[in-house]
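Before any comments, here is the structure.
The values are calculated or read from the model by the stated rules, or taken from the named source; none is laboratory data. Computed from a prediction, not measured in an experiment: that's the story for all the values here. A quick note on method: Cβ atoms are made from the backbone with ideal geometry, for glycine too, and the neighbour counts reach across all protein chains shown. Keep in mind that these areas ignore ligands, DNA and RNA; they rest on the heavy atoms of the full protein, side chains included. Shrake-Rupley method; radii C 1.70, N 1.55, O 1.52, S 1.80 Å.
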Amino acid sequence: MKIVVINGQAHKGTTHHIAHMLTDALGGEVTEFFLPRDFGAFCIGCAQCIHKDEALCPHAEALAPITAAMDAADVLIFASPVYVYHVTGQMKAFLDHYGWRWIIHRPEPAMFKKQAVVLTTAAGAGMKSAIKDVRDSLFFWGVGRVYTFGIATHADRYTHMTEKKRRQTERAVSKIAAKIKGTEGRVKPALKTRLFFRFYRRVILPHMQASDQTYWAKTGLDRCVPW
Ligand SMILES: Cc1cc2nc3c(=O)[nH]c(=O)nc-3n(C[C@H](O)[C@H](O)[C@H](O)COP(=O)(O)O)c2cc1C
């Protein structure tokens, strides 16, 4: 099992600790990226990626190794602490660079068979909105299965969390790991994704820009489903 972890922070705190609990439970080959260390650019709004070609993004070269690793992975883990009720700015800036990959433009067919996990930790609150920040992108990327876990730690590090909270975290992590392992190799996207894909293809795609239509034709997405 190939796993890619996108850390929305560059330090190894509670969030990273929990992400590692999950990769340990999963086993397999793990590739990790830390933001902004491994990618820290902000989208400049040229929209060349969306309208023409992602290779025209001024940050394309820096993004390419992360995109390649994610495309080759079976499982994607997005881990971010909650900063002011949302994911970190660097995680958001990273996701901004993939607007072109949304189903409404040029989705990667391999995404529909991947599983992903969104992990967040907060001191007290904001996990739900932070999870949604990533979950929205994963839905529009077409990721087959998405699991989430957020916890209010009430502590400044994992070992300072109460035993009850640590047990809760361990249980949630092993439950997600079991689900991922149980679904490995036979991922079918959720009904919402399948319906959205078909609706978009039939109703919206005929009205989209040429670059998107050409892509759907070239990849066969206009004729077949990628799951
Ligand atoms: C800039 C900043 C903003 C934060 N915003 C929130 C917040 O909105 N809600 C919250 O409960 N905790 C907030 N926190 C606390 C962290 O989310 C929390 O301590 C988290 O578990 C840290 O994870 P880490 O150890 O992986 O860095 C914030 C921390 C920082 C540094």
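Name the single residue that is nearest to the chain's Cα centre (by Cα) among those in the stretch 159-173 being in a helix (DSSP H, G or I) and of a type in the set (A, V, I, L, M). Steps first, please.
Just the residues of the stretch 159-173 that are in a helix (DSSP H, G or I), to begin with: 159-160, 163-173.
Those still in the list that are of a type in the set (A, V, I, L, M) too: 172-173.
Working: ALA172: 19, VAL173: 17 Å.
Here the residue is VAL173.
When ALA79 is tested against the conditions (1) open to solvent by less than 40 Å² (accessible area, probe 1.4 Å); (2) closer than 24 Å to ASP222 by Cα; (3) not in a loop (DSSP other than H, G, I, E, B); (4) not polar (S, T, N, Q), the lone failure is (2).
In the stretch 71-118, the residue that is farthest from the chain's Cα centre (by Cα) out of those that are under 20 Å from GLY8 (Cα atoms) and β-branched (Val, Ile, Thr) is VAL84. The numbered conditions (1) within 13 Å of the ligand (Cβ to nearest atom); (2) farther than 22 Å from TYR158 by Cα; (3) touching a helix residue (DSSP H, G or I) at 6+ places or on another chain (Cβ under 6 Å); (4) not basic (Lys, Arg) are all true for CYS57 except (1).
The set of residues in the stretch 102-158 that are touching a strand residue (DSSP E or B) at 6+ places or on another chain (Cβ under 7 Å), open to solvent by less than 30 Å² (accessible area, probe 1.4 Å), in a helix (DSSP H, G or I) and within 14 Å of the ligand (Cβ to nearest atom) comprises ALA130, ILE131.
Can you confirm whether ILE176 is part of a helix (DSSP H, G or I), touching a residue at least 40 places away in the same chain (Cβ under 8 Å) and surrounded by 13 or more Cβ atoms within 10 Å (Cβ to Cβ)?
Working: part of a helix (DSSP H, G or I): yes; touching a residue at least 40 places away in the same chain (Cβ under 8 Å): yes; surrounded by 13 or more Cβ atoms within 10 Å (Cβ to Cβ): yes.
Yes; evaluated as a whole, the condition is true for this residue.
Determine whether ALA68 is within 16 Å of the ligand (Cβ to nearest atom) and either modelled with pLDDT of 95 or more or over 21 Å from HIS51 (Cβ atoms) (or both). Answer is no for this residue.
So is PRO58 open to solvent by 70 Å² or more (accessible area, probe 1.4 Å) and under 30 Å from LYS179 (Cβ atoms) or not? No, not satisfied. Taken over the stretch 186-205, the criterion of being free of Cβ contacts under 8 Å to residues at least 60 places away in the same chain and open to solvent by less than 80 Å² (accessible area, probe 1.4 Å) is satisfied by ALA190, ARG194, ARG201, VAL203, LEU205.
Among the residues of the stretch 20-54, write down those that are within 13 Å of the ligand (Cβ to nearest atom), outside any loop (DSSP other than H, G, I, E, B) and closer than 18 Å to LYS92 by Cβ. If you could, list the steps in order and put the result at the bottom.
At the first step, the residues of the stretch 20-54 found to be within 13 Å of the ligand (Cβ to nearest atom) are 20-21, 34-35.
Now restrict to residues that are outside any loop (DSSP other than H, G, I, E, B): 20-21, 34.
Once the filter is applied, which keeps residues that are within 13 Å of the ligand (Cβ to nearest atom), outside any loop (DSSP other than H, G, I, E, B) and closer than 18 Å to LYS92 by Cβ, the stretch 20-54 yields only PHE34.
The set of residues from the stretch 87-101 being within 16 Å of the ligand (Cβ to nearest atom) and either hydrophobic (A, V, I, L, M, F, W, C) or touching a residue at least 12 places away in the same chain (Cβ under 8 Å) (or both) comprises VAL87, THR88, GLN90, MET91, LYS92, ALA93.
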